[in-house]
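*Asks:* Shown below is the structure under consideration.
We did not get these values from a lab; they are worked out from the coordinates using the rules stated. All values derive from a computational prediction rather than experimental measurement. Heads up, the Cβs are rebuilt from the backbone with ideal geometry, glycines too, and the neighbour counts pull from every protein chain shown.
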Amino acid sequence: MHFLLIYDLAEDYLERRPEFRAEHLALAWEAAERGELLLAGALSDPVDQAVLLFDTENEDSVKRFAEADPYVRNGLVRRWRVRPWTTVVGERAHTPVRPQ
């Protein structure tokens, strides 16, 4: 199943990010190497949110990721939430729907 981890970023996110970025990226790349995290990055113009796409059996592993993330632990993320995403189009869609 696909899940989106959505971060609402603090106003000083860009200024504070360098201090925690290496640890955050290490955590993210470890999740990617396990096949759980497919894509991740901050939205731009403005940089006020980030979106991480997970492919995992349940949302518990996504929640554990967020709770371990140094961005969350150090206040660079004001709020986070996990949303199940029903994917219907594309090679990696979990519930493919094709036109009749």
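*Asks:* So in segment 18-39, with the set limited to residues that are within 19 Å of THR87 (Cβ to Cβ) and of a type in the set (A, V, I, L, M, F, W, C), which one is surrounded by the fewest Cβ atoms within 10 Å (Cβ to Cβ)?
*Replies:* LEU39
*Asks:* A further question follows. When residues of segment 54-84 are filtered for being among the hydroxyl-bearing types (Ser, Thr, Tyr) and in contact with a helix residue (DSSP H, G or I) (Cβ under 6 Å, 6 or more places away or on another chain), how many remain?
*Replies:* Within segment 54-84, residues that are among the hydroxyl-bearing types (Ser, Thr, Tyr) and in contact with a helix residue (DSSP H, G or I) (Cβ under 6 Å, 6 or more places away or on another chain) number 1.
*Asks:* So which residues in segment 62-100 are basic (Lys, Arg), in contact with a strand residue (DSSP E or B) (Cβ under 8 Å, 6 or more places away or on another chain) and surrounded by 13 or more Cβ atoms within 10 Å (Cβ to Cβ)?
*Replies:* LYS63, ARG78
*Asks:* For segment 40-57, how many residues meet the condition of being in contact (Cβ under 8 Å) with a residue 12 or more places away in the chain and loosely packed, with under 11 Cβ neighbours inside 10 Å? First the steps, then the outcome.
*Replies:* We begin by selecting, within segment 40-57, every residue in contact (Cβ under 8 Å) with a residue 12 or more places away in the chain; these are 40, 42, 47-57.
From what's left, loosely packed, with under 11 Cβ neighbours inside 10 Å: 57.
Final tally of qualifying residues: 1.
*Asks:* Is it true that LEU25 is without any contact (Cβ under 8 Å) to a residue 12 or more places away in the chain, under 12 Å from the mean Cα position of the chain (by Cα) and closer than 17 Å to ALA10 by Cα?
*Replies:* no
*Asks:* Would you confirm whether or not segment 2-17 contains a residue that is farther than 14 Å from LEU53 by Cα, touching a helix residue (DSSP H, G or I) at 6+ places or on another chain (Cβ under 7 Å) and surrounded by 14 or more Cβ atoms within 10 Å (Cβ to Cβ)?
*Replies:* Looking for residues that are farther than 14 Å from LEU53 by Cα, touching a helix residue (DSSP H, G or I) at 6+ places or on another chain (Cβ under 7 Å) and surrounded by 14 or more Cβ atoms within 10 Å (Cβ to Cβ), one finds none in segment 2-17, hence no.
*Asks:* Could you check segment 37-61 and list, in sequence order, the residues that are under 11 Å from MET1 (Cα atoms) and touching a strand residue (DSSP E or B) at 6+ places or on another chain (Cβ under 9 Å)? Walk me through it before giving the result.
*Replies:* Step one: of segment 37-61, the residues under 11 Å from MET1 (Cα atoms) are 53-59.
If the condition is that a residue be under 11 Å from MET1 (Cα atoms) and touching a strand residue (DSSP E or B) at 6+ places or on another chain (Cβ under 9 Å), then LEU53, PHE54, ASP55, THR56, ASN58, GLU59 are the ones that fit.
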